[in-house]
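Asker: Quick one: the structure is below, and I'll ask about it shortly.
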Amino acid sequence: MSGQTLYDKLWHCHLVEQREDGTALIYIDRQLIHEVTSPQAFEGLRLAGRQPWRVDANFAVPDHNVPTERVERSGGVAGITDTVSRLQVQTLDDNCRDFHILEFQINDTRQGIVHVVGPEQGVTLPGMTIVCGDSHTSTHGALGALAHGIGTSEVEHVLATQCLVQQKMKNMLVRVDGQLQTGVTAKDVVLAIIGEIGTAGGTGYAIEFGGEVVRALSMEGRMTICNMAIEAGARAGLISVDETTVEYVKGRPYAPRGQQWEQAVAAWRDLHSDADARFDRTVVLHGADIKPQVTWGTSPEMVLPVDGIIPDPSSMDNAAQRESTERALHYMGLKAGMSITDIRLDQVFIGSCTNSRIEDLRAAAAVVKGKKVAATIKRALVVPGSGMIKQQAEAEGLDKIFTAAGLEWREPGCSMCLAMNSDKLGAGEHCASTSNRNFEGRQGFGGRTHLVSPAMAAAAAVAGHFVDVRNW
Amino acid sequence: MKSFSVLQGVAAPMDRANVDTDLIIPKQFLKSIKRSGFGPNLFDEVRYLDQGEPGQDCSARPLNMDFPLNQKRYQGAGVLLARENFGCGSSREHAPWALEDFGLRCIIAPSFADIFYNNCFKNGVLPIVLDAQVVDRLFVEMYASPGYELKIDLARQVVQTPSGEQISFKVDAFRKHCLLNGLDDIALTLESADAIRAYEQRWRQQSPWLFDVIG
């Protein structure tokens, strides 16, 4: 019998019941909760007269709707101008109070984007099964946890039973060999992977990311990669535990301590795929071949290296591909044959659960230091992923670098990644964004999103158009 | 949950690949704390010519008449014909809520995104995967004959076309059982409460750091 993959190991040690019909009952160690996908789940519990199975397995934080402007933010929940957003954040507070669930409220220093706060606080640990009513839950797989997004019915199901009914996924290995060029980051790696396998390439799979490039990444970089596993169609992304993981977790507020720490680390050492593990599919990329990436279309797979040329639909044989390219170019207001570096930008957004961690902010600050945002840029936002990151960045003086260059320094939250608060694009505006989705309307009605790394976004803010950050 | 047994309904097209859940129901409508009322905002950005906001009276908004669901021949549609990777992106269950609320209780496509596919079954919506060539043929037949209806029989796992052709589809046994009977799957899982407790006790001994730390 061949060895087990990391996913196989995590699955087996959380298996409560294997059923004859092929489904299985899987135990969930941690549920992360935010304000958008949980109100109906709590309402369902109330209507059925049920209580949470295990209160201490749940953790909540509001992030999607919270305002990021200091003035609006300073009023707390009551200060949220949008009444519908305010009700949703208030409802989370009410539900957590009624069901005794730990919540970092809107103006708690530890508040932030749920996928940033979880690992930062040690609420997310290696070896856990983690779910959240949010598809970017795949982020937590960077710590060697089995983590994926679920719908609201399943949020209620986990609250009530601590389990999910699941079918085992297939195993995919994406290996990135060699080394990255200077100026090429984790974001470029994951965009290149999505460009290679497509947005449905990982459907039905848990993707493990490995290889020399991934091993050399910091935890921040690994989280960026796993975060976008869902953009390749895979609900879960995974990276095996190594010294980098253990060092990252050590000393976090909710991480184990003392003797339990030793015991935990010993258990985590086994969280890797066996040498003879069998993967259903393996994809190999070479780090040295990866250039800074920019998406030009309305799906993350519509991506090119920064020196690329916008594709010509008339040269495509496949009718479906031709139509979707035409539609994307029309929506994006771009022409076939144009250079990526000729795309003029209106806004820049540095933030989101993909790229709002300290390392991302440092990379962006290094690019804009001593420079000015181009006069043609209407707005450039930097939104830290959490209050702790904001504090750290301010201690390092990064906020001063950003504001001196003409970027706005905001309060933590999801912000313009999905524009549920007031940070959004106007119709027709092009945005260099460090977020994860370039879908139609994602950052605002008619808005045009280009996904890039923090360094690329920062360079674009200064130049007013895309530039190759390797030459910065 | 509403049960699903046999559905006969007009088929309508959503003729593009990679339809994401942002397109199915845009984020501004996710601020609702209810499960119902999302139908009027289904496909909001391509269905109307103006920008939608929560709480609007949608009956007064300008319609995009190029969008099939606004056209007379597709009124009252119950089945949506779609393309590859339908429902990709965000995990928002508001997507199947909006489809169901609109009256679309069956989606036929060559493939679906995982989370969306799973969410459908929790809401009385049946996603059916058929071979891409078969879906292509259904599109052609539908475009050729206004009022084109499909009959979906979940118990027999068959899609029937107006010509009487029967196309069988796969669905996993547990999901079929729950959907046919409109079952509350939390109650079903709680039938295994003893097994969950036994597992939890073992797991707590093995990994004590996962328990009693937060809350």
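Readers should treat all values here as calculations from the given coordinates under stated rules, not as data from a laboratory. What you are looking at is a predicted structure, and each value in this text was computed from that prediction instead of being measured. Using ideal geometry, Cβ is built from the backbone for each residue, glycine included, and neighbour counts are taken over all protein chains shown.
Asker: What residue among B:Met14, B:Met142, B:Met65 has the largest mean-square fluctuation in a Gaussian network model of chain B, using Cα springs under 10 Å?
Answerer: Highest fluctuation of the listed residues: B:Met65.
Asker: Sticking with this structure for a sec: Return the long-range amide H neighbours of B:Tyr48 (sequence gap of 5 or more, or a different chain), with a cut-off of under 5 Å between placed amide H atoms.
Answerer: B:Asn64
Asker: What does the charge count around A:Leu6 come to, taking other residues whose C-beta lies under 12 Å from its C-beta (Lys +1, Arg +1, Asp -1, Glu -1)?
Answerer: Every neighbour counted, the sum reads -4.
Asker: If you don't mind, there's one more thing I want to ask. Given R₀ = 25 Å, FRET efficiency for A:Gln51-B:Ala198 by Cβ-Cβ distance, to 0.05?
Answerer: Efficiency computed from Cβ-Cβ geometry: 0.80.
Asker: Let me ask something else. Mind jotting down the three principal axis lengths of segment B:95-161 based on Cα atoms? Whole angstrom, largest first.
Answerer: So the extents along the principal axes, rounded to whole Å, are 32, 23, 23.
Asker: How big is D for segment B:1-110, in µm² s⁻¹ as a whole number, if Stokes-Einstein is applied with the Kirkwood radius of its Cα pairs at 20 °C and 1.002 mPa s?
Answerer: This corresponds to a translational diffusion coefficient of 150 µm²/s.
Asker: Another question about this same structure. According to the Cα gyration tensor, what semi-axes, each the square root of 5 times an eigenvalue, does the equivalent ellipsoid of segment B:105-215 have, listed from largest to smallest in whole Å?
Answerer: Ellipsoid semi-axes (Å, largest first): 42, 15, 11.
Asker: For segment B:46-162, what proportion of DSSP beta bridges, expressed in % and rounded to the nearest 5, is antiparallel?
Answerer: In segment B:46-162, approximately 35 percent of DSSP beta bridges are antiparallel ones.
Asker: Tally Lys and Arg at +1 and Asp and Glu at -1 over the other residues with C-beta under 10 Å from the C-beta of A:Val61: what net charge comes out?
Answerer: Here the count lands on -3.
Asker: Once amide H atoms are built 1.01 Å from N in the peptide plane, which residues 5 or more positions from A:Arg379, or in another chain, come under 5 Å H to H?
Answerer: A:Val348
Asker: If I take every Cα pair under 8 Å that is 6 or more residues apart in chain B, average their sequence separation and divide by the length, what percent do I get for the relative contact order?
Answerer: Details: 374 pairs, mean separation 53.4, N = 215.
25 percent.
Asker: Can you give the calculated 222 nm mean residue ellipticity of chain A, where each DSSP H run of n ≥ 4 adds -39,500 (n - 2.57) and the sum is split over every residue, rounded to the nearest 500 deg cm²/dmol?
Answerer: The helix contribution divided over chain A gives -9500 deg cm²/dmol.
Asker: Can I ask one more? State, as an integer percentage, the relative contact order of chain A based on alpha-carbon contacts under 8 Å between residues 6 or more apart.
Answerer: Once normalised by length, the contact order is 17 percent.
Asker: May I ask you to sort B:Asp212, B:Asp44, B:Asp136 by Cβ crowding, counting other Cβ atoms within 10 Å and putting the fewest first?
Answerer: Details: B:Asp212 11, B:Asp44 25, B:Asp136 15.
Lowest to highest Cβ neighbour count: B:Asp212, B:Asp136, B:Asp44.
Asker: Pull up the DSSP beta bridges for segment A:330-468 and report the antiparallel fraction as a percent, rounded to 5. Kindly include the intermediate steps, with their values, before the conclusion.
Answerer: Details: 1 of 14 bridges.
Here the share of antiparallel DSSP bridges comes out near 5 percent.
Asker: Let me check I've understood the local charge: for B:Cys58, count other residues with C-beta under 14 angstrom from its C-beta, Lys and Arg +1, Asp and Glu -1. What total comes out?
Answerer: Neighbour charge sum, excluding B:Cys58 itself: -4.
Asker: Evaluate the Kirkwood expression for the hydrodynamic radius of the protein assembly as shown, namely the inverse of the mean inverse distance over all pairs of different C-alpha atoms, and round to one decimal in Å.
Answerer: Numbers: mean 1/r = 0.0395 Å⁻¹.
Across the protein assembly as shown, the inverse of the average 1/r is 25.3 Å.
Asker: Would you mind computing Rg(Cα) / (2.2 N^0.38 Å) for chain B, counting N as its residues?
Answerer: Ratio of Cα Rg to 2.2 N^0.38 Å: 1.17.
Asker: So what's the back-of-envelope 222 nm ellipticity for chain B, counting only DSSP H runs of four-plus at -39500 (n - 2.57) apiece and dividing by all residues, rounded to 500?
Answerer: Value at 222 nm, helices only: -8500 deg cm²/dmol.
Asker: Which residue, B:Arg137, B:Arg105, B:Arg92, has the most motion in a Gaussian network model of chain B that connects Cα atoms within less than 10 Å?
Answerer: B:Arg137
Asker: What's the exposure ranking of B:Phe116, A:Phe104, going from fewest to most Cβ atoms within 10 Å?
Answerer: Ascending number of Cβ neighbours within 10 Å: A:Phe104, B:Phe116.
Asker: For A:Thr376 and A:Gln105, compute 0.36 nm times the residue count separating them, minus their Cα-Cα distance, and round to one decimal in nm.
Answerer: That works out to 93.9 nm of additional length.
Asker: To the nearest Å, what is the center-to-center distance of segment B:136-215 and segment A:26-63, using C-alpha atoms only?
Answerer: Here the two parts' Cα centres lie 22 Å apart.
Asker: Taking R0 as 56 Å, what's the FRET efficiency between A:Gln179 and A:Asp21 from their Cβ-Cβ distance, rounded to 0.05?
Answerer: In this case the efficiency is close to 0.75.
Asker: Spelling out what I want: for every residue of segment B:11-24, take phi, set θ = phi - 60°, compute 6.51 cos²θ - 1.76 cosθ + 1.60 (Karplus), and round to whole Hz; glycine and proline get x.
Answerer: 9, 10, x, 10, 8, 8, 7, 6, 5, 8, 6, 5, 6, 5
Asker: Where is the GNM fluctuation largest for chain B (alpha-carbon springs, 10 angstrom cutoff): B:Asp194, B:Asp114, B:Asp57?
Answerer: Most flexible of the set in this elastic network: B:Asp194.
Asker: 5 Å is the cut-off here: which amide hydrogens, built 1.01 Å from N in the peptide plane, fall below it relative to A:Ile150, excluding neighbours closer than 5 in sequence?
Answerer: Sorted by chain and number, the residues that satisfy this are A:Cys132, A:Gly133, A:Asp134.
Asker: Based on DSSP, what percent of beta bridges with both residues in chain A are antiparallel, to the nearest 5?
Answerer: In chain A, approximately 25 percent of DSSP beta bridges are antiparallel ones.
Asker: For segment A:249-285 and segment A:373-404, what is the centre-to-centre distance using only Cα atoms, to the nearest Å?
Answerer: 33
Asker: Report ³J(HN,Hα) in whole Hz for each residue of segment A:325-342, in order, from the Karplus equation J = 6.51 cos²θ - 1.76 cosθ + 1.60 where θ = phi - 60°; Gly and Pro get x.
Answerer: 5, 4, 4, 5, 5, 4, 4, 7, x, 10, 10, 4, x, 6, 7, 4, 6, 8
Asker: I would also like to ask the following. When the Karplus curve 6.51 cos²θ - 1.76 cosθ + 1.60 is applied with θ = phi - 60°, which whole-Hz ³J(HN,Hα) does each residue of segment A:211-217 get, with x for Gly and Pro?
Answerer: The phi angles translate into x, 4, 4, 5, 4, 7, 6 Hz.
Asker: Hand me the trypsin sites (Lys or Arg not before Pro) from segment A:328-369 located in a DSSP loop with no more than 12 other Cβ atoms within 10 Å, in residue order please.
Answerer: Here the sparse-neighbourhood loop sites are A:Lys335.
Asker: So, in Å, what gap is there between the alpha-carbon centers of segment A:300-372 and segment B:4-59?
Answerer: That distance is 27 Å.
Asker: Something else about it: Relative contact order for segment B:134-205: what is it in percent, counting Cα pairs under 8 Å that are at least 6 residues apart?
Answerer: Relative contact order of segment B:134-205: 15 percent.
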